[in-house]
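The structure appears below as structure tokens.
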Amino acid sequence: MAGGKLSPRQKMINLMYLVFIAMLALNMSKEVLSAFGLLEEKITQSNESTDVRNDAFMANLAVKASDEPQTYAELNEKAKQINTLSNTLDNYIEEIKSGMMKTVKPDQQDNYEVQDKPDFLDTKFFKGDKLSKDGLLFESNMLAYRDGIIDILGDDYPVISKSVNEQFGMQEESPRGKKVKVNALKFHFEGFPMIASKTKLTQIQSNIKTIQNEILSSMMRGEQTASLSVNTSNYSTLLETPKSAYYAGETFDGSIVLGRVDDQTKPNRAELTLDGKPLVEGKDFSFDGGRVKLNVSAGSPGDHTLEGNLIFKQDGEETEVPVSRSFSTISKPNAAVIAADKMNVVYRGVDNPMTISIPGIPDNKVSGSATGLSKGAKGKYIMRPGKGREVTITASGTLPDGVRINTPAKFRIKDIPRPTGTIRGEDGNGGPVRMNRQGLEISSVGAMLLDFDFDLNLKVTAFSFKVAGQPTVKVSGNKLNAQAKSALKRAKRGGTVQIFDIIAKIAGNSSYKLPRITPVFVELAN
């Protein structure tokens, strides 16, 4: 087109062709710059989504570490280290991008066609043919990230470790069509338009976030796989039965089940009761791996029920696993039962405490019945016999297989024995009570039951007072009245005074009539 002698018109046409070709080349360059800008936007959006996933993963892992420290505490610690390394490098790269964009006018931040100069990074990273101080710092930060991540991974994740080394190892690379290798920073950033370098930096940030997500996901999968693996240390065989005891000749219909007993299934806490009584951790039970070891008394003979919940935390929420088991307590085979056959006695007029039980049957499935019998708590009863000389008490209970049994027992009914009169708390069974006149005047007349099994409070309401040679004085209450004191003054020194026809009542049971009370004699000392 430029050869030979050309007319002015042809020269003009040729010039127009050159201008047109230059314009095409210029437009193509601008389109490439715009393409880099649009790609950088897409990568940034993807990074934001990955950040959300990683943050959610870290939060969820922190909850799991709090709920199940035996399983997830170590993993959570590694995740924190990885997160720190990732954030450090990501923030460093973001600072470089921010410094780069400060060289672009505020109103042209989204105009990628003007971001075509390589000056910022060329000046920042390179000094002649060598790396500048900032270039060496970039290399150092990339390698520190690589080494830190690989150190945390150890030998457990070789594929991820290889990927980390390839992406952050800063290995020298060969330009296309050349055999000589150049520094990685020069290969990727020297002489490139600003928007292209910014896109590459954003891609490095994407690699950081993707690697972090891949590592955390792989670690979590590995931990969950390990926790679900079956080995002899994780599991134990348990025997499950529909009832706690069997009779000879019955069919045993128990089941063998597999139970998890390692630390990975340790409850966060337990709320348990034994026969309705709350059990205390550390005192009544403790955790041993996935086991809850009980340390309680086997209790009285019969069935005992263990109920409550084992509470596990999952994702910050509590999950309750109900517990409803029972066991039986039986008397020792070498224990003897010795009873005095003639001593099956209850007394009329008093509350006779009784215990009614059937060996092998819990108290809540045993009941007693008889006229005058009332039930207390835990097999305790009170018998208040009425008329007659005998009463039959029947013990009834339900066996574990549902069969009901009844066992009767006869008891003799006896009246309260004859009380003994007292003065000043002393009885006269050993002879007259010796005391002076002044003491007798202020002393109280009482009554007591000697060698009786019940400690009854007897209240004297009246008595007769007799001084030799003087008329008998009837006294109301339990102390001498004025008439009795007057008669006492006329008694001789060394004489004997009689207190008889003593009337007393049982405190709390005034309707019961006591037998005749023995009199008491007083010898005057003055």
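Before we move on, is T123 assigned to a helix (DSSP H, G or I), polar (S, T, N, Q), open to solvent by 60 Å² or more (accessible area, probe 1.4 Å) and modelled with pLDDT of 90 or more?
Yes; evaluated as a whole, the condition is true for this residue.
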Next on the checklist: Quick check on my filter: what residues within the stretch 430-452 are closer than 30 Å to V346 by Cα and in contact (Cβ under 8 Å) with a residue 60 or more places away in the chain?
Outcome noted: V445, A447
Next on the checklist: Give all pairs with beta carbons closer than 6 Å in which a residue from the stretch 350-369 that is of a type in the set (K, R) meets a residue that is assigned to a strand (DSSP E or B) and surrounded by 18 or more Cβ atoms within 10 Å (Cβ to Cβ); count only pairs at least 6 apart in sequence or on separate chains.
Outcome noted: K365/G397
Item to check | Long-range neighbours under 7 Å by Cβ, at least six apart or interchain, first residue free of Cβ contacts under 8 Å to residues at least 40 places away in the same chain within the stretch 31-50, second assigned to a helix (DSSP H, G or I) and open to solvent by less than 70 Å² (accessible area, probe 1.4 Å) | outcome: none
Item to check | Qualifying residue in the stretch 359-370 (condition: within 30 Å of T518 (Cβ to Cβ), outside any strand (DSSP E or B) and at pLDDT 90 or above) | outcome: no
Next on the checklist: Against the conditions (1) among the small types (G, A, S); (2) without any contact (Cβ under 8 Å) to a residue 40 or more places away in the chain; (3) not in a loop (DSSP other than H, G, I, E, B), where does A409 fall short? Just the number, please.
Outcome noted: (2)
Checklist entry - Across the stretch 474-500, what is the total count of residues that are open to solvent by 20 Å² or more (accessible area, probe 1.4 Å), under 15 Å from T422 (Cβ atoms) and in a strand (DSSP E or B)? => result 2
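Conditions tested, residue by residue: (1) out of contact with any Leu (no Cβ under 6 Å at 6 or more places or on another chain); (2) over 16 Å from N436 (Cβ atoms); (3) in a loop (DSSP other than H, G, I, E, B); (4) open to solvent by 70 Å² or more (accessible area, probe 1.4 Å).
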residue: K466; (1), (2), (3), (4): yes, yes, no, no
residue: Q470; (1), (2), (3), (4): yes, yes, yes, no
residue: I503; (1), (2), (3), (4): yes, yes, no, yes
residue: P515; (1), (2), (3), (4): yes, yes, yes, no
residue: N526; (1), (2), (3), (4): yes, no, yes, no
Next on the checklist: If I ask for residues that are open to solvent by less than 60 Å² (accessible area, probe 1.4 Å) and either more than 13 Å from N352 (Cα to Cα) or over 50 Å from the mean Cα position of the chain (by Cα) (or both), which ones from the stretch 371-386 would you list?
Outcome noted: G379, P385, G386
Checklist entry - Any residue at all in the stretch 387-399 that is surrounded by 15 or more Cβ atoms within 10 Å (Cβ to Cβ) and not in a strand (DSSP E or B)? => result yes
Checklist entry - Inside the stretch 38-62, can you point out the residues that are open to solvent by less than 20 Å² (accessible area, probe 1.4 Å) and either touching a strand residue (DSSP E or B) at 6+ places or on another chain (Cβ under 9 Å) or of a type in the set (S, T, Y) (or both)? => result T50
Checklist outcome for this item: Of (1) open to solvent by 30 Å² or more (accessible area, probe 1.4 Å); (2) at pLDDT 90 or above, K117 satisfies every one except (2)
Checklist outcome for this item: Within the stretch 63-86, residues being open to solvent by 30 Å² or more (accessible area, probe 1.4 Å) and assigned to a helix (DSSP H, G or I) number 14
Next on the checklist: What's the total number of residues in the stretch 420-450 that are part of a loop (DSSP other than H, G, I, E, B) and under 60 Å from the mean Cα position of the chain (by Cα)?
Outcome noted: 3
Checklist outcome for this item: Of the residues in the stretch 145-182, those that are open to solvent by 50 Å² or more (accessible area, probe 1.4 Å) and in contact (Cβ under 8 Å) with a residue 40 or more places away in the chain number 3
Checklist entry - Here are some conditions: (1) within 57 Å of the chain's Cα centre (by Cα); (2) under 22 Å from Q167 (Cα atoms). D122 meets all but one. Which one does it not meet? => result (1)
Item to check | Filter result (farther than 18 Å from Q205 by Cβ and open to solvent by less than 60 Å² (accessible area, probe 1.4 Å)) within the stretch 91-107 | outcome: V104
Checklist entry - Of all the strands (runs of 3 or more DSSP E) wholly in the stretch 202-283, which have at least 3 residues that are modelled with pLDDT of 70 or more, open to solvent by less than 80 Å² (accessible area, probe 1.4 Å) and in contact with a strand residue (DSSP E or B) (Cβ under 7 Å, 6 or more places away or on another chain)? => result 269-274
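The values are calculated or read from the model by the stated rules, or taken from the named source; none is laboratory data. Remember, it's a predicted structure, so these values are computed and weren't measured experimentally. Cβ sites come from the backbone with ideal geometry, for glycine too, and all protein chains shown count toward neighbours. These area figures cover heavy atoms from the full protein model, side chains too; ligands, DNA and RNA do not enter into them. Shrake-Rupley method; radii C 1.70, N 1.55, O 1.52, S 1.80 Å.
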